[in-house]
Amino acid sequence: MALIESEEHKALRSAVAALGNRHGRTFDREALWSEAAKLGYLGVNLPEAHGGGGGGIAELSIVLEELGAAGCPLLMMVVSPAICGTVIARFGTEDQKRTWLPGLADGTRTMAFGITEPDAGSNSHRITTTARRDPDTGDWLLTGRKVFISGVDIADATLIVGRTEDARTGTLKPCLFIVPRDAEGFTRRQIDMELHAAEKQFELTLDDVRLPADALVGDEDAGLLQLFAGLNPERIMTAAFAIGMGRYALAQAITYARDRTVWKSPIGAHQAIAHPLAQAHIDLELARLMMQKAAYLYDAGDDVGAGEAANMAKYAAGEACVRAVDQAVHTLGGNGLTREFGLASLITAARVARIAPVSREMILNYVSHQTLGLPKSY
């Protein structure tokens, strides 16, 4: 793994930054999504054979980070090409790849991802959405509920995490199913959020949703391997989302601190202002290094190593983002809460990087158990 970015990655950053700066903080999501797709950025991680760029999560994370740094992050990049596209590319049938990957790559189709449940929280072993076979037709029947699922209203389908019964042991194992938006028995209710974002949040209900046998993605017995093939990129991309947001906030604060003069010199000349901003920059750079390590390990096929690094990257980026946004708002004082500077809304948005897709406490649990070998308390 190179600690210095390649010329290709630098060029990608520069090109995406130019795109983001053209759209800016008041961006139109559909227009930006369409242009990013035409330029090949949305599918940069997907196989060339199916219309993608042939890169990996390393390249896709650069795209999301730079769009975020320009003030126009695309949340569905975390879900559609990163989670769903990756899972289908790695484990899908040839027919599933032909059906979905070209559209995910060129932006004409999107997929949502449904794992979180009202009563399961961070414990994926308590997922109660179940899939059972119809013995007469071979179809799957899905029943259950999901909550806080992003962008279901604009997605063509949702990749649902359900559980099937192992005929040998009777235990339930996780499996992934492609559920079309208009499937009978598949309903959604929008959750009223204080957080204002282009992508809405939904609660889903699956009431004996009938799916053909080929709706199952990958091997029924692969279980957690396939699930974490999507969750590790999700954590890496959430880190990119957070780092981009933190960089955007920090840039606004730096510009303000250079120009704002209260007495005889700009406020940025005072260490009480300068040092916290410098610390925020350091924290974001350190988080980016861990994100790059996680992406490198994942793209190299080291799922175990990527799991640890992806969790650490998401933790570091979430913490760095919250601190950067807080310090940016504090630097601007009252102006930090005005619509003109566009920072106040980030106070709420930055918390998402700490909460989703897994809380900071659960990441600390993961590191303490998996890395440090400490016993579990649960």
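The values are calculated or read from the model by the stated rules, or taken from the named source; none is laboratory data. Just so it is clear, the model here is predicted, and its values are computed rather than measured. Here the Cβ positions follow ideal geometry from the backbone for every residue, glycine too, while neighbour counts run over all protein chains shown. Ligands, DNA and RNA are stripped out before the accessible areas are found, and what is left, the full protein with its side chains, is counted by its heavy atoms. Shrake-Rupley method; radii C 1.70, N 1.55, O 1.52, S 1.80 Å.
Points worth noting:
- Scanning region 357-378 for residues that are part of a loop (DSSP other than H, G, I, E, B) and surrounded by fewer than 18 Cβ atoms within 10 Å (Cβ to Cβ) yields 359, 372, 373, 374, 375, 376, 377, 378.
- Whether a residue is modelled with pLDDT under 95, open to solvent by 30 Å² or more (accessible area, probe 1.4 Å) and not basic (Lys, Arg) was assessed, and residue 108 does not pass this test.
- Close contacts from region 319-335, counting a first residue that is charged (D, E, K, R) and a second that is in a helix (DSSP H, G or I), with Cβ to Cβ under 7 Å and a gap of 6+ residues or different chains, come to 323/280; 323/283.
- Comparison of 230, 162 shows that the only residue that is part of a strand (DSSP E or B) and not β-branched (Val, Ile, Thr) is 162.
- The residue of region 336-356 that is least open to solvent (accessible area, probe 1.4 Å), among those that are part of a loop (DSSP other than H, G, I, E, B) and without any contact (Cβ under 8 Å) to a residue 24 or more places away in the chain, is 338.
- Here the condition is being under 27 Å from residue 231 (Cβ atoms) and open to solvent by less than 20 Å² (accessible area, probe 1.4 Å); of 40, 24, 52, it holds for 52 alone.
- Hits in region 154-182 - residues which are under 13 Å from residue 143 (Cα atoms), at pLDDT 95 or above and open to solvent by 10 Å² or more (accessible area, probe 1.4 Å): none
- Of everything listed in (1) within 26 Å of residue 25 (Cβ to Cβ); (2) polar (S, T, N, Q); (3) surrounded by 24 or more Cβ atoms within 10 Å (Cβ to Cβ), the single unmet condition for residue 232 is (1).
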